[in-house]
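Below: the structure, in structure tokens.
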Amino acid sequence: MWWKFRKGESSGEKANPKVTAKADSVDLRAGGVAPLTKVSKAVKHVEVVTKKKTSTLLSGEYKSRFKGQGMQFSDSRVYQYGDDIRHMDWRTSARMTETYVKTFEEERELNLLFVVDASASAQFGSTGQSKREAMATALACMGFSAISNNDRVGLLFFSDRVERFVPAKKGRKHVLRLIDELLTFKATSTRTEMNAALNFLSGTLKNGAVIILASDFFAGIDKRKLEYLSKKHDFICLRTTDPRDTELPNVGLLRVEDPETGEVAVLQTNSAQVRRDYASSQLAYRNSVTTMMRKAGASLVDLATDADAARVLHQFFHSRKGGRP
């Protein structure tokens with residue numbers, strides 16, 4: 001279950017097996033003083049920070065770690081021993097006195113799709129930044145890297161249903177629009193059902209896309225569906241985490257609430273055994289999800305709410321060595 005601290009009944013941190021504390025959310029577009037200005041400032045801040053880090057840390061990494069969607073004809077050259085006879089250029093050979101073969105180059109243009117968990121649990125954060133904000137920063141880095149390589153970027157929000165789909169397009173304005181959505185979008189449902197998003201992707205995307213699935217992955221996921229998509233696409237799971245996902249604070253009796261279901265429980269956090277059991281069960285669950293993802297053929301990158309998103313992505317891309325780990 002996902003949990004949040006009930007106001008006035010805890011120290012202000014969070015806890016639980018899917019423990020999550022839900023930060024107060026404010027609709028920046030509804031009422032208040034200059035709401036759009038606040039949104040614009042937030043978007044601009046993300047742009048400035050992520051573009052600078054993208055240029056210093058991710059320059060070259062993004063382009064070299066993703067493969068294009070296919071191969072396109074480049075030129076013809078004289079046949080050499082060992083060349084694939086399927087690439088014979090018979091028309092050119094007929095005009096010349098020698099046998100020629102076609103040469104190909106990889107199509108660089110890609111479709112990059114951000115698939116983002118918009119359920120209530122994503123609003124949690126105990127480090128000054130929520131999981132949703134950590135996702136936004138990381139995806140902004142990816143978005144600016146994509147447009148610098150002339151790739152298209154799209155966005156899909158899901159909860160226990162598909163909430164919103166923005167088709168992939170090119171350009172800075174489009175990426176800024178996506179960042180705005182990442183910072184302000186509110187789902188109609190608080191719950192999580194990842195398979196709803198996977199079903200949508202299976203019926204919508206063509207081969208060769210790069211899918212970034214951003215979530216804390218406490219909800220169940222169908223391994224067969226993930227395996228199917230991983231075979232057709234470059235599928236990357238961006239798992240956002242918070243220190244409270246694996247560690248309870250020692251604050252005595254702690255009343256917590258599941259932000260997705262409203263379920264309430266009391267945890268005796270001053271018990272060392274309770275804290276150890278919690279950490280152990282969380283680690284076991286985390287490892288089981290990691291194993292499942294890798295067996296399904298998906299790549300995995302962990303992003304903590306207190307981590308530098310650009311540096312985490314840089315390390316991830318560098319470890320790929322030009323392909324999937």
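How about region 159-207: which of its residues are of a type in the set (Gly, Ala, Ser) and either outside the structural domain of residue 229 (by TED's automatic domain parsing) or surrounded by 17 or more Cβ atoms within 10 Å (Cβ to Cβ) (or both)?
159, 168, 187, 197
Based on this model, can you work out whether residue 134 counts as in contact with a Ser or Thr (Cβ under 8 Å, 6 or more places away or on another chain), among the hydrophobic types (A, V, I, L, M, F, W, C) and in contact (Cβ under 8 Å) with a residue 12 or more places away in the chain?
yes
Could you tell me how many of the residues in region 257-299 are in contact with a strand residue (DSSP E or B) (Cβ under 7 Å, 6 or more places away or on another chain), aliphatic (A, V, I, L, M) and either over 21 Å from residue 124 (Cβ atoms) or crowded, with 18+ Cβ neighbours inside 10 Å (or both)?
3
Could you identify the single residue in 290, 269, 240 that is of a type outside the set (A, V, I, L, M, F, W, C), over 20 Å from residue 129 (Cβ atoms) and modelled with pLDDT of 95 or more?
Being of a type outside the set (A, V, I, L, M, F, W, C), over 20 Å from residue 129 (Cβ atoms) and modelled with pLDDT of 95 or more holds for just one of 290, 269, 240, which is 290.
Which of the residues spanning region 287-315 are within 28 Å of residue 222 (Cβ to Cβ) and either without any contact (Cβ under 8 Å) to a residue 40 or more places away in the chain or in contact with a Pro (Cβ under 7 Å, 6 or more places away or on another chain) (or both)?
Result: 287, 288, 290, 291, 294, 299.
Tell me which residues, restricted to region 244-256, are crowded, with 22+ Cβ neighbours inside 10 Å and either outside any loop (DSSP other than H, G, I, E, B) or free of Cβ contacts under 8 Å to residues at least 24 places away in the same chain (or both).
Of everything in region 244-256, those that are crowded, with 22+ Cβ neighbours inside 10 Å and either outside any loop (DSSP other than H, G, I, E, B) or free of Cβ contacts under 8 Å to residues at least 24 places away in the same chain (or both) turn out to be 244, 245, 254, 256.
Among (1) in contact (Cβ under 8 Å) with a residue 12 or more places away in the chain; (2) more than 18 Å from the chain's Cα centre (by Cα); (3) over 29 Å from residue 109 (Cα atoms), which single condition is residue 241 missing?
Evaluating residue 241 over (1) in contact (Cβ under 8 Å) with a residue 12 or more places away in the chain; (2) more than 18 Å from the chain's Cα centre (by Cα); (3) over 29 Å from residue 109 (Cα atoms) leaves (2) as the failure.
Answer yes or no: is there a residue in region 91-99 that is of a type outside the set (Ser, Thr, Tyr) and in contact (Cβ under 8 Å) with a residue 24 or more places away in the chain.
no
If you check every pair at least six apart or on different chains, which have Cβ atoms under 6 Å apart with a residue in region 266-286 that is in contact (Cβ under 8 Å) with a residue 24 or more places away in the chain and not assigned by TED's automatic domain parsing to the domain that holds residue 249 first and a residue that is of a type in the set (Gly, Ala, Ser) and in a strand (DSSP E or B) second?
Taking only residues 6 or more apart or on different chains, not a single pair turns up.
The values are calculated or read from the model by the stated rules, or taken from the named source; none is laboratory data. None of these values were measured; they are calculated from a predicted model. Virtual Cβ from ideal backbone geometry, glycine too; neighbours counted across all protein chains shown.
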